[in-house]
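A short write-up of the structure that comes next.
The values are calculated or read from the model by the stated rules, or taken from the named source; none is laboratory data. Not measured: the values here are computed from a predicted model. Cβ atoms come from the backbone with ideal geometry, glycine included; neighbour counts cover every protein chain shown.
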Amino acid sequence: MTAEQHEYVARQADEQGIIRYPADEHQIWSELITRQQQALPNRACPEYLEGLKKLNLPIQTIPQLKEIDDVLLSTTGWRTAAVPALISFKRFFELLANKSFPVATFIRRREDFDYIQEPDIFHEVAGHCPLLTHPAFAAFNETYGKLGLIASKEERSFLARLYWFTIEFGLVGNNDAQRRIYGGGILSSPQETVYALSGEPEYREFSLQDVLRTPYRIDRIQPIYYVLNHLDQLFELAQADLMSEIHIAMEKGLFSPHPSLTI
């Protein structure tokens, strides 16, 4: 998204490192996290719920990033990095490669309550940070950042599909009864959290080549989810020769888009 298209502006910390959010933004956070926590039981994966318990996110106020950092540093050695609403791909990859998770310090408006294309602080903190306490999830993000730094523009487009169908919109579990959500794009959207396990979308067993070749759109509820057998599969992905796999996918080309994405 270009700067001209961008609608949100991140809030800056004061001299004490504290971001002073206005009361109406605290209220949006409170409503978002209250509604989301009602949707999480029997939908979010256990590792996410354990991480959420460790973070102990406040309900009434938007958390300060230092509160998140204290937990992440003590579990996996990660921390957050406050960023403007828009950062370059290079900066994004640099942060991940150095175990820093970028968090844009703005929160969505009410008209974007159910889904926001631009990742806000609720998406990053409530969607992703709980699983950054898990070693496999953290290792995959670090590997992803390092790969992004050496990838060409075309290779990065294939990397983006890998991130989309895992970190953002991934599911885990071998069968319908065990299937749970770990993707932060789902877990930060109350609407998609309910939809993702409704039986309406298509569930595909995770295949690295298929993931790399599957088109997606950021402005639609996802018609396809790829399902890991277990979260530690992210360890295996982090240790794989992902660039070789990307080159294979580049030679084969993309699949045709799902029909719902062409309407």
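Considering (1) modelled with pLDDT under 95; (2) among the charged types (D, E, K, R); (3) exposed (fewer than 14 other Cβ atoms within 10 Å of the Cβ), the lone condition that E205 does not fulfil carries the number (1).
Could you go through region 175-187 and let me know if any residue there is farther than 23 Å from Q36 by Cα and either touching a strand residue (DSSP E or B) at 6+ places or on another chain (Cβ under 7 Å) or in a helix (DSSP H, G or I) (or both).
no
Would you please name the residue that is farthest from E155 (Cα to Cα), looking only at residues in region 237-246 that are of a type outside the set (A, V, I, L, M, F, W, C) and exposed (fewer than 14 other Cβ atoms within 10 Å of the Cβ)? Step through it out loud before you land on a result.
Start the filter on region 237-246 by keeping residues that are of a type outside the set (A, V, I, L, M, F, W, C), which leaves 239, 241, 244-245.
Imposing the further condition that a residue be exposed (fewer than 14 other Cβ atoms within 10 Å of the Cβ) reduces the set to 239, 241, 244.
Numbers: Q239: 18, D241: 13, S244: 10 Å.
Only one residue tops the list, namely Q239.
Screening D69, D114 for residues that are out of contact with any helix residue (DSSP H, G or I) (no Cβ under 9 Å at 6 or more places or on another chain) and within 20 Å of I167 (Cα to Cα) leaves exactly one candidate, D69.
Part of a helix (DSSP H, G or I), farther than 22 Å from L55 by Cβ and either among the polar types (S, T, N, Q) or at pLDDT 95 or above (or both), is that true of G127?
On the way: part of a helix (DSSP H, G or I): yes; farther than 22 Å from L55 by Cβ: no; either among the polar types (S, T, N, Q) or at pLDDT 95 or above (or both): yes.
No: the conditions fail for G127.
Restricting attention to region 77-124 and to residues that are surrounded by fewer than 22 Cβ atoms within 10 Å (Cβ to Cβ) and among the hydroxyl-bearing types (S, T, Y), the residue that is modelled with the lowest pLDDT turns out to be Y115. Selection over region 229-258 of residues that are assigned to a helix (DSSP H, G or I) and not hydrophobic (A, V, I, L, M, F, W, C) gives a count of 8. Hey, does region 149-168 have a residue that's free of Cβ contacts under 8 Å to residues at least 60 places away in the same chain, under 16 Å from E47 (Cβ atoms), in contact with a strand residue (DSSP E or B) (Cβ under 8 Å, 6 or more places away or on another chain) and not in a strand (DSSP E or B)? No, that holds for no residue. Take I121 and tell me if it is of a type in the set (A, V, I, L, M, F, W, C), under 14 Å from the mean Cα position of the chain (by Cα) and farther than 21 Å from L52 by Cα. No, not satisfied.
Does region 108-120 contain at least one residue that is in a loop (DSSP other than H, G, I, E, B), touching a strand residue (DSSP E or B) at 6+ places or on another chain (Cβ under 8 Å) and either free of Cβ contacts under 8 Å to residues at least 40 places away in the same chain or more than 17 Å from A13 (Cα to Cα) (or both)?
Of all residues in region 108-120, those in a loop (DSSP other than H, G, I, E, B) come to 108-109, 113-120.
Right, trim to touching a strand residue (DSSP E or B) at 6+ places or on another chain (Cβ under 8 Å) and you get 118-120.
Next cut, either free of Cβ contacts under 8 Å to residues at least 40 places away in the same chain or more than 17 Å from A13 (Cα to Cα) (or both) only: 118-119.
Yes: region 108-120 contains one or more residues that are in a loop (DSSP other than H, G, I, E, B), touching a strand residue (DSSP E or B) at 6+ places or on another chain (Cβ under 8 Å) and either free of Cβ contacts under 8 Å to residues at least 40 places away in the same chain or more than 17 Å from A13 (Cα to Cα) (or both).
Restricting the first member to region 64-79 and to residues that are among the aliphatic types (A, V, I, L, M), and the second to residues that are in a loop (DSSP other than H, G, I, E, B) and at pLDDT below 95, the beta-carbon pairs closer than 9 Å and six or more apart or on different chains are L65/A13; L65/G17. In the set (1) of a type in the set (G, A, S); (2) part of a loop (DSSP other than H, G, I, E, B); (3) closer than 21 Å to L237 by Cα, A138 fails one condition alone, (2). Would you confirm whether or not region 190-205 contains a residue that is in a loop (DSSP other than H, G, I, E, B) and under 17 Å from the mean Cα position of the chain (by Cα)? So far as region 190-205 goes, no, none of its residues is in a loop (DSSP other than H, G, I, E, B) and under 17 Å from the mean Cα position of the chain (by Cα).
Here is a check on your reading of the model: is T214 over 30 Å from E31 (Cα atoms), crowded, with 18+ Cβ neighbours inside 10 Å, in contact (Cβ under 8 Å) with a residue 12 or more places away in the chain and of a type in the set (S, T, Y)? Give the steps one after another, and end with the answer.
Working: over 30 Å from E31 (Cα atoms): yes; crowded, with 18+ Cβ neighbours inside 10 Å: yes; in contact (Cβ under 8 Å) with a residue 12 or more places away in the chain: yes; of a type in the set (S, T, Y): yes.
The answer is yes for T214.
In region 58-68, is there at least one residue being of a type in the set (V, I, T), more than 22 Å from F235 (Cα to Cα) and under 15 Å from the mean Cα position of the chain (by Cα)? Spell out how you get there, then give the answer.
Looking only at region 58-68, we keep the residues that are of a type in the set (V, I, T), and these are 59, 61-62, 68.
Now drop any that are not more than 22 Å from F235 (Cα to Cα), which leaves 59, 61-62, 68.
Keeping just the survivors that are under 15 Å from the mean Cα position of the chain (by Cα) gives none.
No; the residues of region 58-68 include none that is of a type in the set (V, I, T), more than 22 Å from F235 (Cα to Cα) and under 15 Å from the mean Cα position of the chain (by Cα).
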